[in-house]
């Protein structure tokens, strides 16, 4: 192909990636952003295949058919509640793909001969292997194949620091004095580093680690682009890497975490400083769907706060039906979205979008918090740590300083929950014992359906 045509096509693909990411920043345009990005990737793949003058496409076509079939099945079968696991696995596959590209180029005597390419091979092997093993540890935690709690590793920070230093030394050695033994040693050290980085991370911190691993997969793709001298791979990988790091920073701020601690797997250390019995005893008020429905009859403003419990109960459609009934009665309904509610960034947005909740009703934390004082009823469904006042009031709490949804400032708070069990942080929630809080115990979906029925019967 003509060189000018190739680079023009790559430029079009890069523009599609930029526009796609831009559109993905808002729920209303996210689907369109995904479609634009897909078109850009199709252009990039087709042009790359034609540019490389590949004569035999059998294996490529077979891989596309097999991969497309697996992807279609997963898209149809995987529940929205399992989407974090799928994202973690896809991050791992992305890192693994870059890793194998680097290994293949290293083993090809006519490839990766320049200094830039050799350095890129080492960097890609390191980042790709860390992403691969780290992502599948995250998958195991989310899928509960291994414990979702923080798994202590003796001397974790020191061990991770030594492994990182050893990995960098191996990369330098690989460039100066290349040998298969050095390469395989680098792969082993990087895989172990990925495992030890993610093992200490508890379930509450999964939004951060998923965003970070997504960034790693993008960086690995970018460095793989330098190996193969592929411009569009460098551009797309850089975009994913940069956007992932920005998202990681947003998640860290939302959870009051240090990015340095995230990088070395030092997260969510500490335990509950207040006994649950001391917080709850004699103060928790249980309610019923009928009683809550009576309050909602006269409510002018209602804010629904979704959490991971909503996802587990698959209550998003039931919540949308309740909101429709309330709006039919003239009630103003909004949804308060905390950045780390759920197990991955944007988890609640995706769940509510599946239930066709209007995008304009999804309000981010900073915008909704000033509105709680004018809210008649706040309905909290399965959200725990992100509504815990200890983050605002208890300096000895492990979550102190974490921005939360100020639902306790609403006139009445209704908490839909199976029990008084703690959230991922393992802390009691004083919200449940406040004077303006009522507990509606039970399965999230059934409780909301019963509440909707009671509200309809009141008409």
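The values are calculated or read from the model by the stated rules, or taken from the named source; none is laboratory data. Given the structure is predicted, the values throughout are model-derived calculations rather than measurements. Every residue, glycine as well, gets a Cβ built from its backbone with ideal geometry; the counts of neighbours run over all protein chains shown.
So the values come out like this:
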{"quantity": "Residue check, residue 109 assigned by TED's automatic domain parsing to the domain that holds residue 184, closer than 22 Å to residue 227 by Cα and not in a helix (DSSP H, G or I)", "calculated": "yes"}
{"quantity": "Residue check, residue 391 assigned to a loop (DSSP other than H, G, I, E, B), under 22 Å from the mean Cα position of the chain (by Cα) and modelled with pLDDT of 85 or more", "calculated": "no"}
{"quantity": "Any hit, segment 405-413, residues being touching a strand residue (DSSP E or B) at 6+ places or on another chain (Cβ under 8 Å), buried (at least 20 other Cβ atoms within 10 Å of the Cβ) and part of a loop (DSSP other than H, G, I, E, B)", "calculated": "yes"}
{"quantity": "Residues located in segment 361-386, provided they are within 25 Å of residue 25 (Cβ to Cβ) and in contact with a strand residue (DSSP E or B) (Cβ under 6 Å, 6 or more places away or on another chain)", "calculated": "361, 362, 363, 364, 368, 383"}
{"quantity": "Which listed residue, of 229, 256, 156, is at negative phi and either assigned by TED's automatic domain parsing to the domain that holds residue 102 or at pLDDT 90 or above (or both)", "calculated": "156"}
{"quantity": "Any hit, segment 429-452, residues being surrounded by fewer than 20 Cβ atoms within 10 Å (Cβ to Cβ), under 23 Å from the mean Cα position of the chain (by Cα) and part of a helix (DSSP H, G or I)", "calculated": "no"}
{"quantity": "Hits in segment 341-365 (condition: touching a helix residue (DSSP H, G or I) at 6+ places or on another chain (Cβ under 7 Å), surrounded by fewer than 16 Cβ atoms within 10 Å (Cβ to Cβ) and outside any helix (DSSP H, G or I))", "calculated": "356"}
{"quantity": "Sole exception among (1) closer than 22 Å to residue 153 by Cα; (2) without any contact (Cβ under 8 Å) to a residue 60 or more places away in the chain for residue 200, by number", "calculated": "(2)"}
{"quantity": "Residue check, residue 78 without any contact (Cβ under 8 Å) to a residue 24 or more places away in the chain and more than 24 Å from residue 355 (Cα to Cα)", "calculated": "no"}
{"quantity": "From the options 120, 150, residue that is touching a helix residue (DSSP H, G or I) at 6+ places or on another chain (Cβ under 9 Å), buried (at least 17 other Cβ atoms within 10 Å of the Cβ) and in a loop (DSSP other than H, G, I, E, B)", "calculated": "150"}
{"quantity": "Residue 132 vs. criteria assigned by TED's automatic domain parsing to the domain that holds residue 97, touching a helix residue (DSSP H, G or I) at 6+ places or on another chain (Cβ under 7 Å) and in a helix (DSSP H, G or I)", "calculated": "yes"}
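Table: residues versus (1) under 30 Å from residue 179 (Cα atoms); (2) modelled with pLDDT of 85 or more; (3) in contact with a strand residue (DSSP E or B) (Cβ under 9 Å, 6 or more places away or on another chain).
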position	(1), (2), (3)
16	no, yes, no
38	no, yes, no
51	no, no, no
56	no, no, no
68	no, yes, no
99	yes, yes, no
